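Peer 1: Handing you this structure, nothing more for now.
The values are calculated or read from the model by the stated rules, or taken from the named source; none is laboratory data. Predicted, not measured: the structure shown is a model, and the values here were computed from it. Virtual Cβ from ideal backbone geometry, glycine too; neighbours counted across all protein chains shown.
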Amino acid sequence: MKQCKAYYDLKDSQKRISVLQGGTRSGKTYSVLLGLIEFAWKNKGKGLFITICRKTFPSLRASAMRDFFQILEKENLYLPHNHNKTQHIYELYGNTFEFISTDQPQKVRGRKREVLFMNEANEFTFEDYTQLAMRTTFKIILDYNPSDEFHWIYDKVVPREDADFFTSTYLDNPFLEKAVVEEIEKLKELDANYWRIYGLGKRGVGESTIYTHWKFGERIPKTYDEIIYGIDFGYNAPTGMVKVYIKDNQCFVQEVLYKRHMTTTDLIQEMEKIVENKTKTIFGDSAEPKTITEIARAGFNIKSSDKSVKKGIDKLKSLVLVIDKKSVNLLKELKSYRWKQDKDGRTLDEPVKINDHLIDAMRYAIFTHLKSDNKITYWE
C-alpha cells in the first residue's frame, strides 16, 4: 500500500537526525509512528527504548499517543497486558515505547534511550531538545508545522552534518478525503501566510521580511558553469564573504567568511585559503576602493560592485536562491532582514541596516554579475 511522502523520507534517512517539516494533514506524524513500529519489529527482542514526546501530556495524549494505539488496534498488535497505563509504556516486539512530555522533568532528565521522536518539535525549547538529545544514543526524529519564522530548529539542528531535512504537504498524503483537501485549499483566499504554512508546508514569514523565496541546499553542485564571490568589508562589524556557484540558471550560495577585526592583510591571508582560483571574479564593496586596490595587488580578480540596494534586492527577489544549509550566519541574516517601518507601522522601501553583511556580499556578487552577464536570467 502506498504511504505518505514523510514515511519514505524517514525510511530513506541514514543520518542520526531526521527533521520532517510539513503542512497540515501531510501525514508526517502518522508516518513516523508507522516507521517506529516497523523499527521495533526489525529489532525484535533487543530491549530498545523508544521515546515519543510532546511539550505537554494532554496534547501528547490527544495526538501521537492516540494515533499510536489506533495503529496497533488496526494491525491487531494491541495486547492489554503489554500496556502499562500508569507509566505510559507499551511493550512491542521485545522493545519499549515510552510516552513522556516536558512537563514531566524527571522523565526528560531520566533514562537514556535509543530512539527519540519529538512530535510538534517547534513547541519545545532548545534546552528541552538538548536534555532529550544527550540521552539518545541512536536516532532523533523531529516533526512540526513550520509556523515559526525564527526557531532553534533552523539555527541549531537543520545545519548539522548529521541531520536530514524533509518537507511535505497535504498533497503528499494519498489518504485525504476530497472534502478535507477542499477545506485546506480555502486557505489560499483566507490568509496568505496561513496558506504558506499549513497548505504549502513552508515557514511563516513576517510581512516586512525581504527575502522569502530562498531554500536550503544539501550539497554543493557537482558541476557548475561558473563561480563568483562577493565580499562586504568590515572591522568592528564582521567582514562577510560568499561563494556563488552558478549552474543552469541557479545560484547556490555558500558562506565562506564571517569574521570581525580583520585588517586588509588578515583578509588577504584568509582569501588565499578560500579562493582556489584567483582568476575567479570577486565583487567587493565599492565604498572601499583602497581595500579593493590592495586585494587586486595581491593577485585577485576583484571588482567594485554595484551597490544599488533597492534594484539589487528586486533582482535577487526574482530568483530562487539556494543557500548552503551549513551557512549559519547567512541563514540568520536572511531570516531577520526586513524592510523599515514608519511610526505608523507602514512598510518603507528601505531595509533595516543591521546584520546584513553576508546578505550585502551576496547582493554585490549576484546583482553586479547579472548586470554584466546576461547568461543568467530568472528562475520559474
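Peer 1: With the requirement that a residue be part of a helix (DSSP H, G or I) and over 15 Å from residue 30 (Cα atoms), what does segment 172-184 give you? If you could, list the steps in order and put the result at the bottom.
Peer 2: Filtering segment 172-184 for residues part of a helix (DSSP H, G or I) gives 172, 178-184.
Selection gives 178, 179, 180, 181, 182, 183, 184.
Peer 1: Restricting attention to segment 83-93, which residues are of a type outside the set (Phe, Trp, Tyr) and surrounded by 13 or more Cβ atoms within 10 Å (Cβ to Cβ)?
Peer 2: 83, 88, 89, 91, 92
Peer 1: Shifting gears a bit: What pairs come out if I take residues in segment 57-86 that are more than 25 Å from residue 106 (Cα to Cα) and pair them with residues that are loosely packed, with under 13 Cβ neighbours inside 10 Å whose C-beta lies under 9 Å away, six or more apart or interchain?
Peer 2: 72/79
Peer 1: Quick check on my filter: what residues within segment 137-168 are crowded, with 21+ Cβ neighbours inside 10 Å and either hydroxyl-bearing (Ser, Thr, Tyr) or not assigned by TED's automatic domain parsing to the domain that holds residue 10 (or both)?
Peer 2: 144, 154, 167, 168, listed by residue number.
Peer 1: Being under 25 Å from residue 200 (Cα atoms) and in a loop (DSSP other than H, G, I, E, B): is that true of residue 44 here?
Peer 2: Working: under 25 Å from residue 200 (Cα atoms): no; in a loop (DSSP other than H, G, I, E, B): yes.
The answer is no for residue 44.
Peer 1: Taking the condition farther than 17 Å from residue 208 by Cα, modelled with pLDDT under 85 and among the basic types (Lys, Arg), does residue 307 pass?
Peer 2: The answer is no for residue 307.
One line per residue, one yes/no per condition, for (1) closer than 30 Å to residue 194 by Cβ; (2) charged (D, E, K, R); (3) out of contact with any helix residue (DSSP H, G or I) (no Cβ under 9 Å at 6 or more places or on another chain); (4) part of a strand (DSSP E or B):
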residue: 6; (1), (2), (3), (4): yes, no, no, no
residue: 10; (1), (2), (3), (4): yes, no, no, no
residue: 19; (1), (2), (3), (4): yes, no, no, yes
residue: 35; (1), (2), (3), (4): yes, no, no, no
residue: 40; (1), (2), (3), (4): no, no, yes, no
residue: 69; (1), (2), (3), (4): no, no, yes, no
residue: 81; (1), (2), (3), (4): no, no, yes, no
residue: 103; (1), (2), (3), (4): yes, yes, no, no
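Peer 1: Taking segment 237-290 only, how many residues are under 22 Å from residue 223 (Cβ atoms) and part of a loop (DSSP other than H, G, I, E, B)?
Peer 2: 8
Peer 1: May I pose another question? For segment 15-36, what are the residues that are surrounded by fewer than 19 Cβ atoms within 10 Å (Cβ to Cβ) and at pLDDT 95 or above? Give the derivation first.
Peer 2: Pass one, segment 15-36, residues surrounded by fewer than 19 Cβ atoms within 10 Å (Cβ to Cβ): 15-16, 24.
15, 16, listed by residue number.
Peer 1: Still on this structure: Any residue in segment 335-358 that's assigned to a loop (DSSP other than H, G, I, E, B) and at pLDDT below 85: show its pairings with residues that are surrounded by 16 or more Cβ atoms within 10 Å (Cβ to Cβ) and of a type in the set (Lys, Arg) at Cβ separation under 6 Å, as long as the two are six or more apart or on different chains.
Peer 2: 352/338
Peer 1: Does residue 128 satisfy the criteria of being surrounded by 18 or more Cβ atoms within 10 Å (Cβ to Cβ) and either assigned by TED's automatic domain parsing to the domain that holds residue 18 or under 25 Å from residue 39 (Cα atoms) (or both)?
Peer 2: yes
Peer 1: Just checking, how many residues over segment 255-302 are among the acidic types (Asp, Glu) and surrounded by fewer than 17 Cβ atoms within 10 Å (Cβ to Cβ)?
Peer 2: 5
Peer 1: Please pick out the residue among 28, 44, 55 that is over 14 Å from residue 117 (Cβ atoms) and assigned by TED's automatic domain parsing to the domain that holds residue 157.
Peer 2: Just one listed residue meets the conditions, 44.
Peer 1: Please go through segment 51-82 and give me each residue that is more than 32 Å from the chain's Cα centre (by Cα) and crowded, with 17+ Cβ neighbours inside 10 Å, ordered by number.
Peer 2: Matches in segment 51-82: 72 only.
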